[in-house]
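What follows draws every value from the coordinates through simple rules; no lab data is involved. Note that this is a predicted model, so its numbers are computed, not measured. Reconstructed Cβ throughout: ideal geometry from the backbone, glycine too, with neighbour counts over all protein chains shown.
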Amino acid sequence: MIRLRHNKIDLALHTITDGQGPALLALHGLGECTEHRIPAGIAGWPGPVYGLDFTGHGESSVPTGGGYTAELLLADADIALSHLGSATLVGRGLGAYIALLLAGARADRVRGAVLADGPGISGGPTVPTTQPIVATTAVETTPDPYALVELGRDLRPRSYATSFARLAIQGSDLESPITVVARFRPDWLDAVTREPGVIDAPTIEAALANYRPPASR
């Protein structure tokens, strides 16, 4: 396991499989953590496969008092990407949303993003609302209850999601840098899917075929 630092948080980056070639970074769903076996659909990837435990999940640190946002997790993933140099992303649920944001923010270093079903794919409302402040019992184990509450209702406007999709499409040299395999499509994902340059695939394996090095296709 590789330890990375994000401010006061220690992030856990797991090497799931070794290999020669381009890296793949798996981003888990809300309340999950990195699997220590290669996830379904990724087994044929020719390069090394890594999995990141987001803040408050798995073997990463738990902050005091919550404060979770999608942008916090985006920074987690950006730190992992900086360590790897470049990578293809496969995100489940909440991880799919973070993969989209990272693909837009780092279009030159994300070699394709696959958005798949999983916990936390819906997020919260698409327009600002008044929400109650929730207090939970402080724990040091994961997943952090604050993460489950705050990230489960995180604001996800359609226009915000599509702006990152457009950044990915404009900044990448790939023809289709975002592939959606999720069958459940909340408003933000439905909007992203309609963007020119975003494509559908029936499975993660089929989606990754678009991002494999030409010699391994």
By the C-alpha gyration tensor axes a ≥ b ≥ c (rounded if a/c is under 1.5, else prolate when a/b exceeds b/c, else oblate), the shape of the chain is oblate
Ranked list, fewest to most other Cβ atoms within 10 Å of each Cβ, for Ser159, Ser82, Ser60, Ser176: Ser159, Ser82, Ser176, Ser60
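Could you give the size of the charge dipole of segment 2-216 about its Cα centre, using +1 on the Cβ of each K and R and -1 on the Cβ of each D and E, expressed in debye and rounded to the nearest 20?
260 debye
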Counting pairs of alpha carbon atoms under 8 Å apart in space and at least six apart in sequence, what relative contact order in percent does the chain give? 21 percent
Divide by every residue of the chain the summed helix terms, -39500 (n - 2.57) for each DSSP H run of at least 4, and state the resulting mean residue ellipticity at 222 nm, rounded to the nearest 500 deg cm²/dmol. -8500 deg cm²/dmol
Size of segment 35-83 along its principal axes in angstrom, Cα-based, largest extent first? 40, 21, 16
Which order do His36, His83, His6, His57 fall in if you start with the one that has the fewest other Cβ atoms within 10 Å? His36, His83, His6, His57
